[in-house]
Amino acid sequence: MDLQLTDKVVIVTGGSKGIGAATVRSFAAEGARVAIAGRSPDEGESLATEVGGLYIEGELSREAACHEVFQETLSTFGRVDVLVNNAGFNDGRDLGTSPSDFMASVGTNLSHVYTLVHLCRAQLAANQGAVVNVSSKVAVTGQGSTSGYAAAKGAINALTREWAVALAADNV
């Protein structure tokens, strides 16, 4: 299948394992150049070697790590066409969790999504690119013992709708 992704540059967060790794392999199979961002260096480096991509290690809940992902991708590939916000961690924070630990869980699962779209926006607009936000059924159904994760994934759904409107004028 030709999805017209040859030489497009894609950032995939949480791209070292699971859904993220499958996403990386799919984009690479279509000819895209992939930057893999995450915190699993052994798997990330191996996958980057496999697909001829770039691995950038970092804890994406830290704004500085998001800046590093964006800058290293631009330095290596010269552009960003697609951002796949896949990183997330269901840490089991429930109603017994302190409010500060709940907010930390939300931040871990949400802050990088906003930060990376913010950083990539001009590149995505210039290249008529795309943002793919990976959420979870937990945002809609709940699961129990997942308050922080569920809240963050619900927020990602809301931001996806908001950004569809906000970025439409830029053909993103």
Original post:
Within segment 50-165, which strands (runs of 3 or more DSSP E) (wholly inside it) include 1 or more residues that are open to solvent by 40 Å² or more (accessible area, probe 1.4 Å) and over 21 Å from GLY31 (Cβ atoms)?
Top reply: 54-57
Original post:
Counting just the residues of segment 23-46 that are within 16 Å of VAL9 (Cα to Cα) and in a helix (DSSP H, G or I), which one comes out least open to solvent (accessible area, probe 1.4 Å)?
Top reply: VAL24
Original post:
Among LEU167, LEU119, LEU124, which is the only one that is in contact with a His (Cβ under 7 Å, 6 or more places away or on another chain) and farther than 30 Å from ASP94 by Cα?
Top reply: LEU119
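The values are calculated or read from the model by the stated rules, or taken from the named source; none is laboratory data. Keep in mind that this is a model prediction, so the values were computed, not measured. Methodologically, a virtual Cβ is constructed for each residue, glycine included, from the backbone with ideal geometry; neighbour enumeration extends over all protein chains shown. Areas reflect the complete protein model, heavy atoms only, side chains present, ligands, DNA and RNA absent. Shrake-Rupley method; radii C 1.70, N 1.55, O 1.52, S 1.80 Å.
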